[in-house]
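S.K.: Okay, here's the structure, questions in a sec.
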Amino acid sequence: MEDNESMNESGFIDDNNIADGASAGSSVADSSVTGGNKASEDKGFAGSYKAPEDYKAMESKKVMDSNKSGKKVFVVVIVLSVIAGLIQFAGKKDEPSQSHVLTTSSSVKKDDFFSVFSNKKQKDKWVHLKGTSYIAKLVVSGVIEDENKTYNQQWILDTISELKEDGDNKGIALFIDSPGGGVYQADEVYLALLDYSASGKPVYAYMGPLAASGGYYISCGAKYVMANRNTLTGSIGVLAGQFVDATGLLDKMGIKSETIHAGKNKNMGSFNEPVTDEQRKIMQAVADECYEQFVQIVSKARGMPVSSVKNLADGRIYTARQAKENSLIDAIGSFDELVAYMTKTEFSGQEYSVEDFEYEQESSFYDYLTGVASALKGSSVFSAVGLPPQTESAITRTIPYPAYFYDGMLGN
């Protein structure tokens with residue numbers, strides 16, 4: 001009996017123990033007995049050993065619990081973000097409209113839930129106090145295209161038209177900070193400025209940090225051009241399009257892509273077909289025509305022979321000093337100096353207030369979500385095939401072609 005007791009204390013299980021366990025409602029399998037014996041040798045107590053299958057089940061449960069926790073955290077973050085968006089939206093409803101700032105016109109139904117998070121809202125237009133004369137500082141900022149966060153083509157055209165009809169407006173002082181953009185859009189703004197000038201009101205232009213390519217093109221609609229001493233301008237040239245031939249990469253990865261089309265050049269520029277010499281000639285002809293238009297406009301605006309303009313128009317950028325030396329601008333100075341010169345020259349020294357007109361797109365929580373989703377999707381796709389960020393940026397540029405556009409990173 002003493003031996004049995006000592007055995008029990010040491011962790012071994014005998015028949016009596018099994019009987020006692022059974023009477024208490026416990027069931028002990030043979031494998032558990034064996035496991036208990038092994039555990040007593042290793043750990044000093046019974047029942048501590050777990051079979052490999054048990055460990056697998058435990059690890060699987062840990063993973064499932066971890067996934068559940070992650071999902072809970074994600075849901076909490078989304079809920080908190082939605083609440084923050086609603087608070088932000090509610091706060092903005094009571095804010096007064098900003099003068100001269102017009103956001104995108106509404107294209108979302110009011111009963112659409114996501115309209116709460118959308119930027120598709122329009123603030124009340126600024127109403128000018130009649131009888132107060134002013135000079136409009138019209139800001140052209142960002143890529144010149146249909147619409148982005150800092151630029152809106154229709155807003156620019158509408159604003160120029162309204163200023164033309166406003167009897168209190170005495171002139172426009174353009175402030176340009178743009179790398180250019182679409183040929184179509186840049187030319188539209190240029191023509192709108194000429195139409196404004198035809199009403200007898202002057203247009204002067206000031207170049208901020210960057211007034212290149214299409215930005216310079218727009219400045220040609222002004223009577224007088226002044227640049228900041230640190231301005232980069234010029235880049236007189238054209239991008240007709242950009243072709244990315246990914247056929248070699250697709251073959252290497254075992255991916256087959258085919259576009260069914262009628263017309264041998266209908267699919268030109270697609271990533272899944274090599275560019276032919278004929279297609280290069282087609283796009284070169286587009287670039288050449290747009291280039292000639294650019295050169296002619298610069299020649300007319302600056303009073304320079306076409307041959308002289310072409311000597312300068314090889315696509316390079318110029319500093320403000322270089323631009324002045326080459327007669328691409330009239331002077332170097334500050335925006336206040338431009339306004340002072342405009343006042344002296346155009347209005348016989350009569351001073352007028354300067355009022356800002358600048359497009360501003362309201363960002364929203366919805367924009368944030370879609371932006372993050374787009375960035376994650378793009379990054380995952382390009383990183384998967386090992387493309388560097390610079391190449392990704394070049395491939396995914398969305399400027400309208402043909403373009404009067406300067407990209408400092410890529411040197412265009």
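The values are calculated or read from the model by the stated rules, or taken from the named source; none is laboratory data. Values in this document were obtained by computation on a predicted structure and should not be read as measured data. All Cβ positions, glycine included, derive from the backbone under ideal geometry; neighbour counts span all protein chains shown. Please note that ligands, DNA and RNA were not included when accessible areas were found on the heavy atoms of the full protein model with its side chains. Shrake-Rupley method; radii C 1.70, N 1.55, O 1.52, S 1.80 Å.
S.K.: Calculate the FRET efficiency for K130 and Q242 from the Cβ-Cβ distance with a Förster distance of 56 Å, rounded to the nearest 0.05. Each step should come with its number before you reach the end.
M.R.: Details: r = 49 Å, r/R0 = 0.88.
So, using R0 = 56 Å, E works out to roughly 0.70.
S.K.: Got a number for carbon plus sulfur as a percent of region 198-246's accessible area, 1.4 Å probe?
M.R.: On the way: 750 of 1480 Å².
About 50 percent, which is the carbon plus sulfur part of the accessible surface.
S.K.: Oh, and also: Classify region 139-231 as rounded, prolate or oblate from the Cα gyration tensor: take a ≥ b ≥ c as the square roots of its eigenvalues, call it rounded if a/c is under 1.5, otherwise prolate when a/b beats b/c and oblate if not. The partial results should precede the final answer.
M.R.: On the way: a/c = 1.80, a/b = 1.24, b/c = 1.45.
Oblate shape, in that a/c is at least 1.5 and b/c is the bigger or equal ratio.
S.K.: If you add up the charges near G333, with Lys and Arg at +1 and Asp and Glu at -1, over every other residue whose beta carbon is less than 15 angstrom from its beta carbon, what do you get?
M.R.: Values: positive: R229, R321, K324, K344; negative: D330, D336, E337.
Local charge sum for G333: +1.
S.K.: Could you compute the net charge surrounding Y204? Neighbours are other residues with a C-beta less than 13 Å from the C-beta of Y204; K and R count +1, D and E count -1. Intermediate results must be reported in sequence, preceding the final value.
M.R.: On the way: positive: K137, K170, K201, K223, K344; negative: D330, D336, E337, E346.
Net charge around Y204: +1.
S.K.: On a 30 Å Cα-Cα criterion, which of the cross-link pairs K137/K324; K149/K324; K324/K344; K149/K264; K266/K300 come out too long?
M.R.: Correct reply: K149/K324; K149/K264; K266/K300.
S.K.: Continuing with this model, one more query. What number, in percent, do you get for the relative contact order of region 160-222 if the mean sequence gap of Cα pairs under 8 Å and at least 6 apart is divided by its residue count?
M.R.: On the way: 93 pairs, mean separation 30.2, N = 63.
Reported as a whole number, the value is 48 percent.
S.K.: Decide, for region 238-370, between rounded, prolate and oblate: order the square roots of the alpha carbon gyration tensor eigenvalues as a ≥ b ≥ c, take rounded if a/c falls under 1.5, and otherwise choose prolate if a/b is larger than b/c, else oblate.
M.R.: Values: a/c = 3.33, a/b = 1.75, b/c = 1.90.
Judged from the Cα gyration tensor, region 238-370 comes out oblate (a/c at least 1.5, b/c at or above a/b).
S.K.: As a test of reading the structure, rank R229, R321 by solvent-accessible area (1.4 Å probe, protein chains only), most first.
M.R.: Details: R229 185, R321 135 Å².
My answer, sorted largest first, is R229, R321.
S.K.: Just the accessible area for F243, please: 1.4 Å probe, Å², rounded to the nearest 10?
M.R.: So the heavy atoms of F243 present about 70 Å² to solvent.
S.K.: Further, regarding this structure: Run the numbers for K266 and Q350: contour at 0.36 nm per residue of separation, minus the present Cα-Cα distance, in nm. The partial results should precede the final answer.
M.R.: Details: separation 84, 0.36 × 84 = 30.24 nm, distance 5.89 nm.
That pair, K266 and Q350, stretches by 24.4 nm at full extension.
S.K.: Under 19 Å from a point placed 7 Å out from the Cα of Q293 along the Cα-to-Cβ direction: which residues of region 161-199 have their backbone N that close?
M.R.: 179-196
S.K.: When the convex hull of the Cα atoms of region 206-293 is projected onto a plane and the area is averaged over all directions, what value comes out in nm²?
M.R.: Working: hull surface 34.9 nm².
For the Cα atoms of region 206-293, the hull's average projected area reads 8.7 nm².
S.K.: Could you sort the peptides 216-222, 257-263 by per-residue average Cβ neighbour count (10 Å cutoff), highest mean leading? Walk me through the numbers before you get to the answer.
M.R.: Details: 216-222: 26.3, 257-263: 8.7.
Final packing ranking: 216-222, 257-263.
S.K.: State, as an integer percentage, the relative contact order of region 218-330 based on alpha-carbon contacts under 8 Å between residues 6 or more apart.
M.R.: On the way: 119 pairs, mean separation 52.7, N = 113.
Normalised by residue count, the contact order of region 218-330 is 47 percent.
S.K.: A follow-up question, please. Which sequence of L232, L250 reflects their accessible areas, 1.4 Å probe, from the largest down? Don't jump to the answer; show the numbers that get you there.
M.R.: Numbers: L232 60, L250 25 Å².
Result of the area sort, largest leading: L232, L250.
S.K.: S270: net charge of surrounding residues, Cβ under 11 Å, Lys/Arg +1, Asp/Glu -1, itself excluded? Show your work: numbers first, answer last.
M.R.: Numbers: positive: K266; negative: D245, E258, E273.
Local charge sum for S270: -2.
S.K.: Which trypsin sites (Lys or Arg not before Pro) does region 255-295 hold that lie in a coil by DSSP with at most 13 other beta carbons within 10 Å?
M.R.: Working: sites: K256, K264, K266, R280, K281; in loops: K256, K264, K266.
Hits after loop and neighbour filter: K256, K264, K266.
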